[in-house]
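Any read-out appearing in this document is the output of simple, stated calculations on the displayed coordinates, not a laboratory observation. The structure displayed is predicted, hence computed values, not measured ones. With ideal geometry, Cβ positions are generated from the backbone for all residues, glycine too; neighbour counts draw on all protein chains shown.
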Amino acid sequence: MRYLLSLFCLLPLSLVYAQSPFIPLNQDYYHLIDRYEIRLGRWADQHHSTVKPYNRQAVMQLVDTLENDPDQEISLSPTDRFNINYLRDDSWEWASPQPVKAQFPRVSVAFGQSTDSSATQPVVLRYEEPGNSERPLLGFFYRKKSDFYSVKNKEYDLHINPVVYVGYGRDQVLTDPLYTNTRGIEVRGSIGGKLGFYSYFADNQAYYPKYVQDYGQSYRLTAAGGGSSPGQGVVKLFNNNAADFLEARGYITFNTLKIINVQFGHDRNFFGNGIRSLLLSDNAAPYLFLKLSTRFGKRFQYTNLFTELQNGQVTLSGIELLPQKFTTMHHLSVNISRRVNLGLFEAEVYSRDRFDINYLNPIILYRYVEASRGSADNAFVGLDLKVNAAQHLLFYSQLMLDEFLIKEIRAARGSWTNKIAVQAGLKYIDVLGVPNLDLQGEFNMARPYTYAHKSGQTNYAHFNQPMASPLGANFMEGLGTLRYQNKRLSVNGTFSLMMYGTDPPGRNYGGNVLKDYEERLRDYDNFIGQGRKTITTYTDLRLTYMLKHNLFLEGRYLNRMQDSQYIPDTYKTSIVNVAIRWNAPYRSWVF
């Protein structure tokens, strides 16, 4: 990545403009933001929601637009007002000051005389900075509702919070209890209002349900501890397959030339509007990246993403390092109209001893670069579409083309080269007029051998975990979520029906993206679900109560039934657990 670092150092830092950190990926939190984009009924300025994570300043602009839209008056429920205040408190350094009002008698004047009326009218006394706590702890901590410690002045802005996630539960097919134990710290802020930064560090121990442990056996590292944990890198196992791992994320960010945002560090990224993403998801571990986001007016946002990934499919000895590989991606988001958005995506995964500077060109088709180099890199193209309708509905879709031949598609012979993934989904808020009852439904499919390549150096995986869907390829699924919120109390349900094919020993039916596609079983007559056909139903019900800002108490019931053509893989289980989360997102693994 040294060429990337050189480019980073040469950027015109003297022309840096104000920039906020980003909101960490969090399905519950992001649902609120997406809900209010739908409620607005059009795309907000400065906010292209297909590209995640979201910028805090842009989210505050969305909230301000929602409350003060000059084109329409939007009715908001008491729970919506609660959520908007929550979002303001959480990003108070970028929120607009709020008016403090008082009621005074209305005075009427007639024929030179004044008479008091019993009616009153609000009068703005002052504007107050959002997020202030009514009772700071020891007068020093929690002066802001969202921050254990914070300070803001002309020189710097700093927010420090502890991170705690403690959970306990039972899986009926396991003897040992389930548990999660996370302790960490989160720091964000800015320097001189121009350079934003974010850092997260946590130590974790967890004992997972059986289905998560089984999933880990397919994607575990063959070196560096030999364990696996969803969304993590190096994991060590102890005490009967319990996982012990460190998690760290961090980046710096700034704006240059006003319209270009630069972000450099370790974290995850996401392209899409669904529960899953078939282009780039947050399923794998954080990775080193450089991201350039260029905004042209209100209609266009162009994102360049350069990453360094790790190939975990090797056996190491001594002091060897995990082999590195690279990806280069770009995504163009276009607001075709006030309610229709189209995205174009292209990516290359390649293996070199260093970053290939030919892929640094931000405005060229990477497929041309690949061909001109005479290489056989792993190329992807895709598109996404979303439509905001009637202030209650959002239609969205994705199409990923890994490899395909038009003549083979026309021939309909089930060629292995037809490596395609498709998504279609719908978000429906305030279902049937019930405030804060939200529904989301989604269909995903990926044909066999999609995302795979010739080796771990070029497949679409990082630390052995897929960069798109956790199901890999050779699958078809329906996903749904149902959410209801009454201020601090939330009820969430996640439902899924998944059909996929797994591999008998020594055979490659195209579901595991880590396997070499040149060892495929056959060239033709391939179909989704081939191999050991498996059908899984998943129901996850969760009750959450927010005790204080970002302090959650929750209970959960999960039922999972797995039916496989391979009888030993057939089982069903029920899982119950309780947890308390403090500045930590809910962790859901649907596979």
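In deg cm²/dmol and to the nearest 500, what is the mean residue ellipticity at 222 nm of the chain if only DSSP H runs of at least 4 residues count, each as -39500 (n - 2.57), divided by the residue total? That comes out to -3500 deg cm²/dmol. Each peptide in 386-396, 148-158, 32-42 was scored by the mean count of other Cβ atoms within 10 Å over its residues; highest first, the order is 32-42, 386-396, 148-158. Note that segment 345-495 shows a convex hull volume over its alpha carbon atoms of 183 Å³ per residue. Here the label points at D353 and N239, each 7 Å from Cα along the C-beta direction, are separated by 4.6 nm in the simple model. Where Lys and Arg each count +1 and Asp and Glu each count -1, what net charge lies around Q423 among other residues with Cβ under 12 Å from its Cβ? Every neighbour counted, the sum reads -1. Taking all C-alpha pairs of segment 143-269, those more than 25 Å from each other amount to 43 percent. Using the Cβ-Cβ distance between V164 and N68 with R0 set to 45 Å, the FRET efficiency from 1/(1 + (r/R0)^6) comes to roughly 0.80. Computed over segment 418-512, the Cα gyration tensor eigenvalues convert (square root of 5λ each) into semi-axes of 35, 13, 12 Å, ordered from largest to smallest.
Segment 209-248 and segment 516-556 have their alpha-carbon centroids 17 Å apart.
Overall shape of segment 150-193 was characterised from the C-alpha gyration tensor. The equivalent ellipsoid obtained from it has semi-axes of 41, 7, 5 Å, in decreasing order. For the chain, report the translational diffusion coefficient in µm²/s to the nearest whole number, using Stokes-Einstein at 37 °C, 0.692 mPa s, and a Kirkwood Rh over Cα pairs. It diffuses with D of about 128 µm²/s by this estimate. Roughly speaking, what is the centre-to-centre gap between segment 263-335 and segment 346-365 when only Cα atoms are used, to the nearest Å? Here the answer is 13 Å between Cα centres. Compared with the direct C-alpha span, the chain from D525 to I336 gains 64.1 nm at full extension, assuming 0.36 nm per residue. Over the C-alpha atoms of segment 510-575, the Rg to Rh ratio, Rh being the Kirkwood estimate, stands at 1.23. Normalising the Debye intensity of segment 193-338 to I(0), with uniform scatterers on Cα atoms only, and taking log10 at q = 0.11 Å⁻¹ returns -0.55.
Report D for segment 384-461 in µm² per second (integer): Stokes-Einstein, Kirkwood Rh on Cα pairs, 25 °C, 0.890 mPa s. Stokes-Einstein gives a translational diffusion coefficient of 163 µm²/s. The amide H of G312, built 1.01 Å from its N in the peptide plane, has F463, N464 as neighbours under 5 Å, considering only residues 5 or more places off or on other chains. Whole-Hz Karplus values for segment 251-262 come out as 7, 10, 8, 7, 9, 10, 6, 6, 9, 10, 9, 10 Hz, taken residue by residue from phi with 6.51 cos²θ - 1.76 cosθ + 1.60 and θ = phi - 60°; glycine and proline positions read x. Histogrammed with a bin width of 10 Å, the alpha carbon distances of segment 471-547 distribute as 17, 35, 20, 16, 10, 2 percent, first bin at zero.
Using alpha carbon centroids, what distance separates segment 79-96 and segment 402-446, in Å? Comparing the Cα centres of segment 79-96 and segment 402-446, I get a distance of 34 Å.
Between V422 and Y557, residue separation times 0.36 nm minus the direct Cα-Cα distance comes to 45.6 nm. Take the Kirkwood radius over Cα pairs of segment 253-329, plug it into Stokes-Einstein at 37 °C and 0.692 mPa s, and you get 226 µm²/s for translational diffusion. For R542, what is the net charge nearby, where nearby means another residue's Cβ is under 15 Å from its Cβ and Lys, Arg count +1, Asp, Glu -1? Summing Lys/Arg as +1 and Asp/Glu as -1 gives +2. In the calculated pair-distance distribution of segment 303-397, the portion above 20 angstrom amounts to 51 percent of the Cα-Cα pairs. Placing dummy labels 7 Å off each Cα toward the beta-carbon, the span from N153 to Q98 is 2.7 nm.
Once the gyration tensor of the Cα atoms in segment 23-84 is diagonalised, the equivalent ellipsoid follows with semi-axes of 18, 14, 9 Å, ordered largest first.
Site pair L257 and F395 shows an inter-label distance of 3.6 nm when each label is modelled 7 Å from Cα along Cα→Cβ. Computed on segment 453-591, the Cα convex hull volume stands at 124 Å³ per residue. One-quarter of the Cα convex hull surface for segment 236-296, in nm²? Over all viewing directions, segment 236-296 projects a mean Cα-hull area of 6.1 nm². Measuring r between the beta carbons of S133 and R488 and using R0 = 22 Å, the FRET efficiency lands at 0.85.
Length gained on full extension, E408 to S574, computed as 0.36 nm times the residue gap minus the Cα-Cα distance: 55.4 nm.
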